[in-house]
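The values are calculated or read from the model by the stated rules, or taken from the named source; none is laboratory data. This is a predicted model, so every value here is computed, not measured. Reconstructed Cβ throughout: ideal geometry from the backbone, glycine too, with neighbour counts over all protein chains shown. The area values use the complete protein model at the heavy-atom level, side chains included, leaving out ligands, DNA and RNA. Shrake-Rupley method; radii C 1.70, N 1.55, O 1.52, S 1.80 Å.
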Amino acid sequence: MANPLFDQLFGIHAGKETPFLILKGGEVVTHAAFLSMAARFANAFRELGLQPGDRLALQAEKSPQALAVYAAAVQSGLVFLPLNTGYTPSEVSYFVENSGARLLICDPTKAEGLRPVADACDAGLQTLGAEGGGSLPELARGQSDVFETVPRGPDDLAAFLYTSGTTGRSKGAMLTQTNLLSNAQTLVDVWRFTKEDVLLHALPIFHTHGLFVATNVTLLSGGALLFLPKFDAGDVIDLLPKATTMMGVPTFYTRLLDDPRFTGDLVRHMRLFVSGSAPLLAETHVQFEKRTGHRILERYGMTETNMNTSNPYDGARRAGTVGFPLPGVELKITDPASGDRLPDGEIGQIEVRGANVFQGYWQMPEKTQEELRSDGFFITGDLGLIDDQGYVQIVGRNKDLIISGGYNIYPKEIETVLDDQPGVLESAVVGVPHPDFGETVVGFVVAEKEKQPDLDDISVTVAAQLARFKHPRKLIVLPELPRNTMGKVQKNLLREQYGDLFTA
Ligand code: MLC
Ligand code: AMP
């Protein structure tokens with residue numbers, strides 16, 4: 001029996017001395033070297049007692065080794081659970097406990113803080129550093145670089161990606177081999193990836209965009225990644241001459257446009273720029289074309305579904321739209337109240353169905369039922385319409401979500417922390433426009449009677465509990481929150497009133 005995801009992404013490159021990862025300093029990791037590294041990790045996991053189906057959580061800096069942990073997890077039939085490197089131990093604790101992970105791999109600098117987390121959850125703890133050191137590589141060093149791939153079926157789980165929820169509790173989106181593979185195959189086709197492609201990869205590898213879209217598409221087509229540890233405009237500008245394609249969140253493109261070194265000449269040879277994870281402003285689209293002659297291709301996806309729609313490779317890439325449903329993806333606009341399909345041109349909730357759509361949220365049957373219909377349509381929580389030329393436009397969200405620099409932030413999670421602080425009666429968190437991050441977080445607190453909340457103390461507590469990207473960039477004390485007649489907080493009024501805090 002086979003393991004389709006491993007066989008088609010990784011196995012096909014066995015023994016090839018072709019470049020897979022090209023690092024910032026020019027070092028090359030060939031496909032063969034990468035697969036040897038992955039096999040050693042897989043043998044190490046076996047020695048640690050991991051069994052197929054076990055969850056493996058990884059919170060490590062981006063490196064070839066961290067990517068090889070993904071390959072090793074797939075080869076071993078484990079469920080891979082990548083975690084944002086910004087998460088605090090208390091955030092990581094939830095993911096490890098909720099997923100029942102058997103092993104947590106973290107940066108050596110975080111091991112002390114995470115040891116109690118792993119112990120409390122009865123999980124093993126190994127370390128992996130940004131430069132490839134740590135206890136896991138040490139254990140792997142003594143292992144064979146041959147590993148017999150564990151057989152897996154198309155419906156077996158390959159990954160859990162946690163996505164926050166409106167109730168404040170993150171949900172583990174269960175993704176199968178087919179979910180990942182079918183989407184990667186579609187994207188290779190529609191975006192015309194080949195083994196000649198060199199994709200400039202500056203995204204993190206703990207989210208759908210950097211891990212499944214950029215990496216899987218490159219693996220499947222046999223191309224190479226220019227593998228940068230993070231986005232840095234200077235590094236990207238230095239390396240773009242060596243790339244043929246690039247994928248990024250809108251912040252990447254606005255930061256590049258802000259840099260005078262980013263010129264048309266630098267990228268004339270490029271084949272494709274893709275943007276997603278957050279709305280690309282029409283203005284960015286226009287400026288980018290003016291500067292470079294290239295039209296950014298915007299697409300729309302989600303953790304739960306991988307990619308759903310894309311602007312066309314040939315044909316008009318229209319600013320302010322996310323293009324057409326991908327082959328194999330059905331998309332409809334429905335009335336949020338009745339669930340009935342709405343005619344083209346009308347705004348409603350976006351629902352999608354296809355081999356790309358996840359299996360549900362880990363151990364949350366009610367949440368799964370609320371969002372994943374029995375006929376297979378997933379209610380995305382995004383609001384949109386299909387225009388008269390069939391392009392999908394996202395016009396808003398039916399979920400209380402902020403997207404900052406491509407990271408999703410659920411206000412409820414921050415409100416829960418703010419509400420707990422001394423002197424705070426209640427709070428509300430909203431997203432407001434931000435020139436760099438697209439949106440950013442603002443927190444409003446109402447004081448308890450005759451109390452004065454200490455905003456500095458609150459910031460310190462927030463910092464200890466939540467990842468930096470979730471921290472309110474401004475905290476404001478209000479006498480009361482605006483409410484409608486039903487008593488519901490009118491966040492739209494807060495967004496309107498404070499909408500120009502960062503853009504004025
Ligand atoms: C970093 N910071 C952020 C932040 N990223 N704050 C808010 N929002 C973010 N996204 C913090 C840093 O810790 C730092 O804190 C400060 O903000 C500014 O640092 P920076 O150096 O400017 O940050 P930087 O490292 O450059 O990160 C910005 C970024 C990065 C945009 C390059 O966030 C990024 O790579 N985003 C990509 C996210 C992504 O891959 N999303 C895909 C999700 S998948 P301090 O203390 O110094 O002020 C998905 C599905 C789909 O959505 O469709 O793709
Ligand atoms: P995540 O849960 O991190 O996968 O984020 C998914 C959400 O990002 C979607 O539900 C959308 O709200 C948003 N998103 C992704 N791509 C786009 C896009 N091109 N335009 C607007 N929003 C997007």
From the Cα centre of segment 249-319 to that of segment 135-204, the distance in Å is 24 Å
Starting from one equal scatterer on each C-alpha and no solvent at all, send me the Debye-based log10 I(q)/I(0) for segment 401-497 at q = 0.16, 0.18 Å⁻¹, two decimals.
-> -0.64, -0.80
So what is the calculated 222 nm ellipticity per residue for the chain, using -39500 (n - 2.57) for each DSSP H run with n of 4 or more, over all residues, to the nearest 500 deg cm²/dmol?
-> -8500 deg cm²/dmol
Roughly how many Å² is the accessible area per residue of the chain, as a whole number, for a 1.4 Å probe?
-> 41 Å²
With a ≥ b ≥ c the root eigenvalues of the C-alpha gyration tensor of segment 333-431, is it rounded (a/c under 1.5), prolate (a/b larger than b/c) or oblate?
-> prolate
Counting residues in segment 79-195 as N, plug N into 2.2 N^0.38 Å and put the Cα Rg over that result.
-> 1.26
Computed magnitude of the charge dipole of segment 231-397 (debye, nearest 20; Cβ of K, R +1, Cβ of D, E -1) = 600 debye
Pull out the extension gain between Val286 and Leu478, defined as 0.36 nm times the separation in residues minus the alpha carbon to alpha carbon distance; nm, one decimal.
-> 65.2 nm
With contacts defined as alpha carbon pairs under 8 Å and 6 or more residues apart, what's the relative contact order of segment 223-347 in percent?
-> 16 percent
Gap in Å between the Cα centre of segment 345-385 and the Cα centre of segment 75-127?
-> 29 Å
Per the 1.4 Å probe, what fraction of the accessible area of the chain, in percent, lies on carbon and sulfur atoms?
-> 50 percent
Among Phe444, Ile12, Leu67, whose Cα lies farthest out toward the positive end of the dipole of the chain, if unit charges sit on the beta carbon of Lys, Arg (+1) and Asp, Glu (-1)?
-> Ile12
For Lys290, counting only lysines whose alpha-carbon sits under 19 Å away and dropping same-chain residues fewer than eight positions off, the answer is none
Subtracting the Cα-Cα distance from 0.36 nm times the residue separation, let me have the gained length for Asp7 to Asp232 in nm, one decimal.
-> 77.7 nm
Say the cut-off is 21 Å between C-alpha atoms; which of Lys399/Lys488; Lys62/Lys474; Lys16/Lys195; Lys412/Lys488; Lys171/Lys474 go over it?
-> Lys62/Lys474; Lys171/Lys474
Mean projection of the alpha-carbon convex hull of the chain over all orientations, in nm²?
-> 23.9 nm²
Sorted by mean Cβ packing within 10 Å, highest first, what order do the peptides 10-23, 258-271, 198-211, 91-104 take?
-> 198-211, 91-104, 10-23, 258-271
Only Lys, Arg, Asp and Glu count, each charged at its Cβ (+1, +1, -1, -1), so figure out the dipole size of segment 423-504 about its Cα centre, rounded to 20 debye.
-> 260 debye
How far apart, in nm, are two points set 7 Å out from the Cα along the Cα-to-Cβ line at Asp335 and at Asp388?
-> 2.4 nm
Go through Leu139, Thr485, Pro108 and say which Cα lies farthest out towards the positive end of the charge dipole of the chain; charges sit on Cβ, +1 for Lys and Arg, -1 for Asp and Glu.
-> Leu139
